[in-house]
Structure formats: C-alpha cells, structure tokens
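*Asks:* Quick one: the structure is below, questions incoming.
Read-outs throughout are calculated quantities, based only on the coordinates presented, and are distinct from any laboratory measurement. These numbers come from a predicted model, not from an experiment. All Cβ positions, glycine included, derive from the backbone under ideal geometry; neighbour counts span all protein chains shown.
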Amino acid sequence: MAVNDIVLHGATGFVGQLVADYLARHPGSRRFSWAIAGRNPNKLARVRDSVATQGTEPGVIVAQAADEASVQAMVADAKVVLNVAGPFSEYHGDHIVGACARSSTHYADLSGEYWYQRRMIDEFHQEAERTGAKIVLAAGVDSIPSDLGVQFAIECLAAKGGRARHAKALFTSYAGSFSGGTRRSMQARKTIKQSSEYETGFHTDPYVLAPSAERSHDGETVAGWDSRRFDSDLRRFGGPFFMAPINARVVRRSLALDGHLPCTYEEGISVAALLKVVWLYASRGFGYFVGAPIPLQPKSGEGPPPWLQRAGSFCVRVHVTTEDRTESALVEVRGAGDPGYLATSKMLTEVGLALLLDEASPRGGVLTPATALGPVLRRRLTEAEEGRFMQFRMLD
Ligand SMILES: NC(=O)c1ccc[n+]([C@@H]2O[C@H](COP(=O)([O-])OP(=O)(O)OC[C@H]3O[C@@H](n4cnc5c(N)ncnc54)[C@H](OP(=O)(O)O)[C@@H]3O)[C@@H](O)[C@H]2O)c1
C-alpha cells in the first residue's frame, strides 16, 4: 500500500527545489501526503527543512536511481512519482518509468531527450497501457503550452465543424534563462547525435515519437519553422525556435494518439519575443544592477536568479486550419514566471495533482500531457494561483 500520494524524485536539484516549494505552499496541500526523494540524505534533509518552514513538511526517501531494487521500493511507496532528476537518459529515468509502468503508478517528468522518450515508448508503452499507469513525458514548459495549445485549438476548430489538417505555433514571449541541468541535457543531445548509437535518420525524423503514425507529407522537418518569415495567420514575424524540436515531436505524438493525423505541425518564435528577452536582460544589467547576476554557465543546482524567475513569462499562439483552409481557429496560451523554472515547476506539480486527484480518461501508456490529461489539466492550470498563473484564450 502506497504511503505517499506524491513522491518527488530529484528534489535536491534546481527545479526539484522549486517543485518542493510549490508543493509545500499549495492551497490544496492538506489533501495529499508527499515525500521528497534522491540519492543524498543530507541534501534531502536541507530541502525538507527549508520547505517545512513555508508549508507542509514532506517525508524523505533515500533512493539510488541506478539500483532497480531501491527504485522499486520508492515507487511502491507512491501513487504518483514526479521525476526531475535529469538528464533522464543519464540518470536512470528508465528504471523509474519501468517500475511505475509495471506497478500501475502514475508518473511525470521533464524530459525533452527524444531518444530517451522513444526508448520509454518502445519499452514501456504496452505495459503501461495494460496496467493503466499514465507515464507523462515532457510535463514542463517543454511541452505543455504547445501540446495543450494545439489540442485546445483543434477543439475550437471542431466546434466550428472543421477538422485540423495544418497546425502552427509561434511563441510571442519566452523570457527566462537556463539551469545547470538544462545545460547538461543540451550536452547529452550533442553527445548522442555524435555517437553511432542511432542512424542519422533517427535524429531528423519528425515522427520519432509516433513510430507507427500516418505521416502528413515527406517534406516535413522536425521543427517545421526553419527560416525567418512573416506569417499572415499569426500576424507576426517569426523564425526558428531552439525548443521547437522538443515540442514538435511531443505534439506529433499527441496528434497520433488522438487520431488527428495527418496534420502538419510547425513551431517558431517571434522576433518580438527575442527582443523582449534582450530588453529584460539589458534593463537589469544581466542582474548586476539588482545584485543577482544571471549565471551564464550554471552548474547543477544553479539557475536563473529569483528576480528573473518572477519577471519571466511566456506566450504561444496556435493556429489550426482545415485542408482547404476555409475554416480556422486561433488560440493563445500565456503564463507568468520564467518558463523553464518557476512556471515549469508549477506545471509539473499541477500535472502530479491532476494525476492524483482529477477524473481524466482511464487511458494508460507512455503519453504526453495532452493525451494523458487534456482538458482536465487545462482547467487545473487555469485555476492555479487564483487564475494568475496561466490562461488559455480563443482569439479567433
Ligand atoms: N521540460 C522542461 O520544460 C524542463 C525545464 C527545466 C528543466 N528541465 C530538465 O529538468 C532536469 C533537471 O534540471 P535541473 O536544473 O533541476 O538539474 P540539476 O539542478 O542538475 O538537478 C539534477 C538532479 O538530479 C540528481 N542527480 C544527479 N546525478 C544523478 C544520478 N546519477 N542519479 C540520480 N540522480 C542524480 C541530482 O541529485 P544531487 O543533488 O544529489 O546531485 C539533482 O537532484 C534537466 O534534465 C533539465 O533539462 C526540463
């Protein structure tokens, strides 16, 4: 019998501490029990003591991700596991996903490593389908706004009687920075591409996370939005976005699992969004004016300073249209806080709470945020922090 409703693995990392903080202060915290987990008991005790002064006190589980028996014991103690120890491909995320899939325990992580995500699909999708475990990959800013935004736009188009055949997303704001863990994940991506572990086509396959999908057309690329151009549907200048390769693969898995393919997808970032980041950094002298510089080469446990986490924001517009382009829908998803950190920690926590408390479809498997939780998660995110955190709006 699980003794904890939620177990947060990797709580000692930069994102882990933000998630622990949000869980401890959550207005619903009396409705769930929780524990923090990781490999270092002293660090875990420090995180527990720090969050206990602000809200509820979590239990502590010492677990070694490399040791499957230790992982098994941690998972047996949980109804939902949130994993933020990444890079997930390096820190034995597969042991945790496998244990959750087998024991029907819901799971969510912040992985953006497509080769790791694909391996989880190949190895555990069927098992999780059988046991009913929801394994939710990419449950942070990569890729919730894109994934839920596309799903919402498709619903809006369907309400007008249209079926989506083309979808595109443009981030019109993405103001924040990056952490030591993200740096290491980017390095892991470089290393895997240079290795001979996969054929070249694997890295350039837009449908790598939807292996048996009906493809939209042969000319599709991973991110789709590969050059700078004015887009008349979105009424913005946009260009390539460095997070699009992560998000686009996840969105295509959602489109495949929900039966929306063939439907093209492309994702970019507006020129104005890039200028906003430049202004945010320059107006505070990269943090030197406010006594908290932005670390440009953060180590593990380091990331954007508190002022940047609070000043950050994101906004993505999603446009979907029918085959003959006569009917369309335009929606916007916006949120407050540094997208990768303050906002991501809230998104992941709300995913965990939705898995624990909300009525979603009984579908199990290695899923995406949209296919695991969809409208239930949209509602939760909209209600978080009394409506001040995220908004989903139909524009057209
Ligand atoms: N999807 C998104 O939107 C999103 C956003 C932000 C971050 N991320 C990802 O989230 C992950 C975490 O980022 P972060 O900045 O929080 O990283 P971090 O500060 O480096 O934290 C890493 C965590 O992993 C643990 N860890 C390190 N080596 C381990 C090992 N061998 N076995 C088990 N656990 C180990 C660390 O424990 P110790 O404290 O004991 O070292 C720590 O708890 C990264 O993969 C990053 O790319 C994703």
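*Asks:* For the chain, give the magnitude of the charge dipole about the Cα centre (Cβ charges: +1 Lys/Arg, -1 Asp/Glu; no others), in debye to the nearest 20.
*Replies:* Once rounded to the nearest 20, the dipole reads 960 debye.
*Asks:* Separate question: Karplus couplings for the stretch 228-233 from phi (6.51 cos²θ - 1.76 cosθ + 1.60, θ = phi - 60°), rounded to Hz, Gly and Pro as x?
*Replies:* 7, 7, 8, 10, 6, 5
*Asks:* Among S196, S283, S270, rank each residue by its count of other Cβ atoms within 10 Å, from fewest to most, as a rough exposure measure.
*Replies:* Neighbour counts put them in this order, fewest first: S196, S283, S270.
*Asks:* Compute the Rg/Rh shape ratio of the stretch 1-67: radius of gyration over Kirkwood radius, all on alpha-carbon atoms.
*Replies:* So for the stretch 1-67, dividing Rg by the Kirkwood Rh gives 0.95.
*Asks:* Over 16 Å, how big is the tail of the calculated P(r) for the stretch 111-210, in percent of all Cα pairs?
*Replies:* That fraction is 71 percent.
*Asks:* Continuing with this model, one more query. So what's the stretch 1-146 giving for Rg/Rh, alpha carbon basis, Kirkwood Rh from the mean inverse pair distance?
*Replies:* That ratio equals 0.95.
*Asks:* Note down the relative contact order for the stretch 268-396 as a percent, whole number, built from C-alpha pairs under 8 angstrom at least six residues apart.
*Replies:* 20
*Asks:* Compute the FRET efficiency between E199 and E68 as 1/(1 + (r/R0)^6), taking r as their Cβ-Cβ distance and R0 = 35 Å, and round to the nearest 0.05.
*Replies:* 0.75
*Asks:* Oh, and also: Give a quick list of chymotrypsin sites (Phe, Trp or Tyr not before Pro) in the stretch 279-363 that DSSP marks as loop, anything other than H, G, I, E or B, with at most 13 other Cβ atoms within 10 Å.
*Replies:* Taking the stretch 279-363 and a limit of 13 other Cβ atoms within 10 Å, the loop chymotrypsin sites (Phe, Trp or Tyr not before Pro) found are Y288, F289.
*Asks:* Still on this structure, please answer the following. Amide H neighbours of Y265 under 5 Å, at least 5 residues apart or on other chains, H built in the peptide plane: list them.
*Replies:* Answer set, sorted by chain and number: A167.
*Asks:* Expected output is a single nm value to one decimal: the length gained when fully extending between R46 and A360, i.e. 0.36 nm times separation in residues minus the C-alpha distance. What is it?
*Replies:* Stretched fully, the R46-A360 segment lengthens by 109.5 nm.
*Asks:* Additional query: Scan the chain and note any complete DSSP helix (H) whose C-alpha atoms cover at least 15 Å along its axis and whose Kyte-Doolittle average is 0.5 or more.
*Replies:* 14-25, 144-159, 271-283, 344-357
*Asks:* Restricted to Cα positions, what overall size does the stretch 177-325 have along the principal axes? Three whole-Å values, descending.
*Replies:* 53, 42, 26
*Asks:* Follow-up. Taking a temperature of 20 °C and a viscosity of 1.002 mPa s, what whole-number D in µm²/s does Stokes-Einstein yield for the stretch 65-109 with Rh from Kirkwood over alpha carbon pairs?
*Replies:* For these conditions, the coefficient is 211 µm²/s.
*Asks:* Quick one: K299, K134, K160, K79, fewest Cβ neighbours within 10 Å first, how do they rank?
*Replies:* By the 10 Å Cβ count, ascending, the order reads K160, K299, K79, K134.
*Asks:* Which lysines, if any, have their Cα less than 25 Å from the Cα of K190, not counting same-chain residues under 8 positions apart?
*Replies:* Partners within reach: K299.
*Asks:* Tell me the Kirkwood hydrodynamic radius of the stretch 197-261 in angstroms, computed as one over the mean inverse distance between distinct C-alpha pairs.
*Replies:* 13.0
*Asks:* I'd like to know how the stretch 150-189 sits against the 2.2 N^0.38 Å rule of thumb: what's its Cα Rg over that expected value?
*Replies:* After normalising by residue count via 2.2 N^0.38 Å, the value is 1.89.
*Asks:* Give me P(r) over the stretch 255-329, computed from all C-alpha to C-alpha distances, binned every 5 Å, as integer percentages.
*Replies:* 3, 11, 16, 15, 13, 9, 9, 10, 8, 5, 1
*Asks:* Taking every eigenvalue of the Cα gyration tensor of the stretch 309-349, multiplying by 5 and rooting it, what semi-axes result, largest first, whole Å?
*Replies:* With the √(5λ) rule applied to the stretch 309-349, the semi-axes are 31, 10, 6 Å.
*Asks:* What does the helix-only formula give at 222 nm for the chain: each DSSP H stretch with n ≥ 4 adding -39500 (n - 2.57), the total divided by the residues, and the result rounded to the nearest 500 deg cm²/dmol?
*Replies:* Helix-only estimate at 222 nm: -12000 deg cm²/dmol.
*Asks:* Right, another one. Out of all DSSP beta bridges with both ends in the chain, state the antiparallel percent to the nearest 5.
*Replies:* Roughly 50 percent of the beta bridges in the chain run antiparallel, per DSSP.
*Asks:* Right, here's the next one. Quick one: Kirkwood hydrodynamic radius for the stretch 275-396, alpha-carbon pairs, angstrom, one decimal?
*Replies:* It is 16.9 Å.
*Asks:* Using only alpha carbon positions, build the gyration tensor of the chain, then give the equivalent ellipsoid semi-axes as the square roots of 5 times its eigenvalues, largest first, whole angstrom.
*Replies:* 31, 25, 21
*Asks:* Return the whole-Å distance between the Cα centroid of the stretch 203-262 and the Cα centroid of the stretch 319-348.
*Replies:* If you average the Cα positions of each part, the centres end up 14 Å apart.
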